[in-house]
Amino acid sequence: MGLKTSMKIIVINDMGTMRKIIEKMLKTMGFTNITQADDGATALPMIKEATELGVPYEFIVSDWNMPGMSGLDLLKTLRADDQYKDLPFLMVTAEAEQGNVVIAVKAGVSNFIVKPFSAATLQEKIQKIFKA
Amino acid sequence: MSLLDDPMMKEIVDEFCDEAADLFTQLEDILDEIEDHPDKFSVGLEQFGQIIDRVMGAAKSIGVDEVAKFCELGKIIGYKSSQVTDKKLQEIAVAVMFDTVDLLIKMNEKTRTGSDSSLKNLSTKTFPTRLHWLSEKFKDIDRASCSFDEKQSTDLSKEEDPQQSIDDLLNDLGL
């Protein structure tokens with residue numbers, strides 16, 4: 001799957017601060033089509049609706065620890081649906097949860113990034129995901 | 001350079017302080033609930049740990065390092081306390097959690113105004129003593145992070161727990 005700056009991205013995080021930081025980083029990289037959601041439960045219907053409308057999200061950047069529906073639950077739900085089994089999914093985790101990343105890998109995460117991270121690190125992760 | 005030094009980031013920092021203030025209020029509510037209903041101790045402190053983790057991640061990302069480290073400390077104590085069954089120790093843990101949130105609120109206000117938010121300038125003498133005492137009591141408790149899959153999480157934490165110890169964090173904070 002190629003990397004294009006117009007790809008449709010959804011940033012999922014319960015902290016508005018983090019959503020803004022990540023969106024700012026993505027815009028700095030040139031990405032223009034970015035949507036935000038405040039947790040997995042909000043994001044899931046948005047992702048499904050976009051697919052139904054024929055304008056599916058092409059990349060998900062989701063936090064792990066969120067109320068409502070966690071990033072891991074969202075990942076598992078999406079991977080259980082054939083439509084989303086290959087949808088690139090970048091999981092954002094806190095330092096203390098790195099051990100649990102193994103669980104996310106088993107659930108089908110595309111890559112993960114540990115907070116705090118720089119725009120360069122985010123870019124590197126995105127490039128790795130889309131080169132694979 | 002810290003993001004706090006970047007004028008373009010002021011809006012994000014202000015938003016962080018607002019969000020953190022709301023979450024600190026939620027933390028106080030959880031502790032009030034635990035005090036009123038001790039049977040909710042374990043579940044309540046697990047929630048406490050999850051909420052403070054959210055503040056920690058954002059604080060680290062915008063370079064508010066002291067707040068982030070103190071949140072990390074509160075998170076570890078929250079998760080470890082949630083596994084305690086001794087009633088007296090539970091009461092002390094809750095008291096320390098109240099102090100922790102109180103200090104975080106003060107640090108958050110200092111961050112908002114750009115003042116020195118270091119713990120040394122805000123903490124009382126008894127607070128570090130309580131933390132060190134609690135740290136000693138927690139030494140035998142393994143899990144210090146979120147539990148998503150109990151079995152896998154526990155297995156992993158035993159093999160490769162990257163969590164800094166409470167003592168390391170206290171040292172980092174100068175306490």
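The numbers here are math on the coordinates, done by the rules we state, and not lab data. Being a predicted model, the structure only gives us computed values, none of them experimental. Because the Cβ atoms are built from the backbone with ideal geometry, glycine has one as well, and the counts that use them run over all protein chains shown.
Of B:GLU66, B:GLU11, the sequence from fewest to most neighbouring Cβ atoms within 10 angstrom is B:GLU11, B:GLU66.
Of the trypsin sites (Lys or Arg not before Pro) in segment A:42-132, the ones in a loop by DSSP (not H, G, I, E or B) with at most 10 other beta carbons within 10 Å are A:LYS85. Counting Cβ atoms of other protein chains within 10 Å of each Cβ in B:19-25 and taking the mean gives 1.
The mean count of C-beta atoms from other chains within 10 Å of the C-beta of residues in B:56-68, rounded to a whole number, is 5. With the helix formula -39500 (n - 2.57) applied to DSSP H stretches of n ≥ 4, chain A reaches a computed 222 nm mean residue ellipticity of -12500 deg cm²/dmol. The value for chain A of Rg(Cα) / (2.2 N^0.38 Å) is 0.95. Comparing Cα centroids, segment B:45-121 and segment A:21-70 end up 29 angstrom apart.
For peptide B:9-16, the mean count of partner chain Cβ atoms within 10 Å of a residue's Cβ comes to 3.
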